[in-house]
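Quick note: the coordinates plus some simple rules give every number you see, no bench work behind them. The shown structure was predicted, so the numbers you read here are calculated from the model rather than taken from an experiment. Here Cβ is always computed from backbone atoms with ideal geometry, including for glycine, and neighbour counts include all displayed protein chains.
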Amino acid sequence: MEVRAIAKSVRMSPRKAKLVIDLIRGKKVGEAIAIVSNVESTVKEPILKVLKSAIANAVNNKELDAEKLYVKEIYANPGQIYKRMRPRAKGSGDRILKRTCHVTVVVAEKE
């Protein structure tokens, strides 16, 4: 049995999120929380929030044992991109791309 949690349109780059996500794929949930909590990155709060949400969904909705859970799948897909302009010399402008991503965490119980 697997349980998922999804955070949509999180204001972080998917490329930066994948650096943290690759550290916890396949780990036990307690170990994954410890790894994400100690990472020096600005993307750790949303990833930690989705991970804890997936664990809570598994424990409360499906009545799985929290000690046996592990991160089966975790990925960050690109979301919409907010486009902004920054003034530059001679009346021109540069484009600023504010990227977002959708973070999905799937936890399952080890047998």
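Listing for the model above:
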item	result
Yes/no for Ser37 being exposed (fewer than 13 other Cβ atoms within 10 Å of the Cβ) and either of a type in the set (S, T, N, Q) or touching a residue at least 60 places away in the same chain (Cβ under 8 Å) (or both)	yes
Filtered residue count, the range 32-72, keeping only those that are out of contact with any helix residue (DSSP H, G or I) (no Cβ under 8 Å at 6 or more places or on another chain), within 12 Å of Arg4 (Cα to Cα) and not hydrophobic (A, V, I, L, M, F, W, C)	5
Residue ID - farthest from Val106 (Cα to Cα), chosen from residues in the range 56-94 that are touching a strand residue (DSSP E or B) at 6+ places or on another chain (Cβ under 6 Å) and outside any strand (DSSP E or B)	Arg88
Boolean, Val105 is within 12 Å of Val3 (Cβ to Cβ), in contact (Cβ under 8 Å) with a residue 24 or more places away in the chain and not acidic (Asp, Glu)	yes
Residues satisfying the stated conditions in the range 55-102, i.e. free of Cβ contacts under 8 Å to residues at least 24 places away in the same chain, under 27 Å from Leu19 (Cβ atoms) and among the basic types (Lys, Arg)	Lys83, Arg84, Arg86, Arg95
